[in-house]
Amino acid sequence: MSASASPSAPLPRPRTGVWLIGARGSVATTVITGCAAIAAGLHPPTGMVTETPAFTGSGLPALSDLVFGGHDTLDCPLPKRAETLTAGGVLPPGVATAVASELAAADREIRPGGPTRGDTRTEAELIGAFAADIRDFTRRHALRRTVVVNVASTEPASEGRADAPLPASTLYALAALRAGCPYVNFTPSEGLHHPVAAREAEESGLPHAGRDGKTGQTLLRAVLGPMFAQRALTVRAWSGTNLLGGGDGAALADPAAAAAKNAGKERVLADTLGTVPEGEVHIDDVPALGDWKTAWDHIAFDGFLGTRMVLQTIWQGCDSALAAPLVLDLVRLTARAQEAGLSGPLAPLGFYFKDPVGDGPASLGEQYGALLELGERLRPADAGHAEERP
């Protein structure tokens, strides 16, 4: 009897698909490169909460069992995109070369997105085509499930009219639902928040999470807002400025797109302070910065006897490198949540978002506690669960 037919031969490890909207962008390229590098032992999983001891035994899919594909309207191959990110200091030297085969394999699974200029397909045809791409990907790779994640550039807010065209993010979100896949919106774009998609999401019962990944300035706000509230210090004004380049900087140069982005930042202050203080957030496109961002906050507050005081913070970081570990965490947690029978909005994943779905706390500390509780809920009853990572 051959080894493959032997009753004692190990069964193939179940694999999980990751379908990225914006699959050739900076965030997606960093996600795919980083996943391959960590799985190969080339780098530690810095920034990945799911790789901390708190999630040992939660039954999350292993990084080595993730298979990547996606949609994009760009045609720059992933290996070339990784070269550009390496030259810009986003990816460390040599890593893209070391995982070139994984990048090439993922690139072969990227399908044309849309709608593009001159595209004559109807919305129903676009949704159907996108869903067919996702189903085909899942079938060909014999994947147990596929999680769809939107990491594309921010869209302008939709017009809100009943007869207005559906935004591209909503077309992709509906395609995910039609393909039977959990959906994560890592962007401020509308996605499942559109009324049409929201109704379908509720009827589908599929797990979903979002909106807008909390990577830098808003991460600090989620920590500092509760600090002021808990110490009974009155915040009089909270202003901020973001300087960034790359595709996101170009997209956010559109005032409508910037407004969609800033809505999540304001919500964090409203939820943690109980009010929205004076001040605004300005976003400036500085192409020379590439994927790097500087975020500055100026916070004016009152102390004892009305003493005026000021706190200023400066956050300088690389958006793609900040986002990538969060995307990998979200994929693993969402996939496991579906396997565990969870459905609808995954409120405990609010830890990762500026404008999270579902009911949950706003302060980072409380959100982290809810995330840890989710990790406990996801633990398989059988400690030797086949999908438990090593």
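The values are calculated or read from the model by the stated rules, or taken from the named source; none is laboratory data. Keep in mind it's a predicted model, so treat the numbers as computed, not measured. Note: ideal-geometry Cβ built from the backbone for every residue, glycine included; neighbour counts use all protein chains shown. Note: accessible area is taken over every heavy atom of the protein model, side chains too, but ligands, DNA and RNA are not part of it. Shrake-Rupley method; radii C 1.70, N 1.55, O 1.52, S 1.80 Å.
Tell me the carbon and sulfur percent of the accessible area for the stretch 1-137, rounded to whole percent, probe radius 1.4 Å.
59 percent
With a 10 Å radius around each residue's Cβ, average the other Cβ atoms per peptide and rank 107-120, 323-336, 344-357, highest first.
323-336, 344-357, 107-120
Given contacts defined as C-alpha pairs under 8 Å and at least six residues apart, what's the relative contact order of the chain, whole-number percent?
22 percent
Report the gain in length on full extension from ALA105 to THR307: 0.36 nm times residue separation, minus Cα-Cα distance, nm rounded to one decimal.
Result: 66.7 nm gained on full extension.
For ASP359 paired with ALA62, estimate the spin-label separation in nm (one decimal), with each label point 7 Å from Cα along the Cα-to-Cβ line.
4.0 nm
Number of Lys-Lys pairs in the chain under 21 Å by Cα, sequence gap 8 or more or different chains?
Going through the chain pair by pair, I get 9.
What relative contact order, as a whole-number percentage, does the stretch 269-348 give when Cα pairs under 8 Å and 6 or more residues apart are counted?
Computed over the stretch 269-348, the figure is 20 percent.
Ordered by packing density, taken as the mean number of other Cβ atoms within 10 Å over each peptide's residues, highest first, how do 218-228, 279-289 rank?
218-228, 279-289
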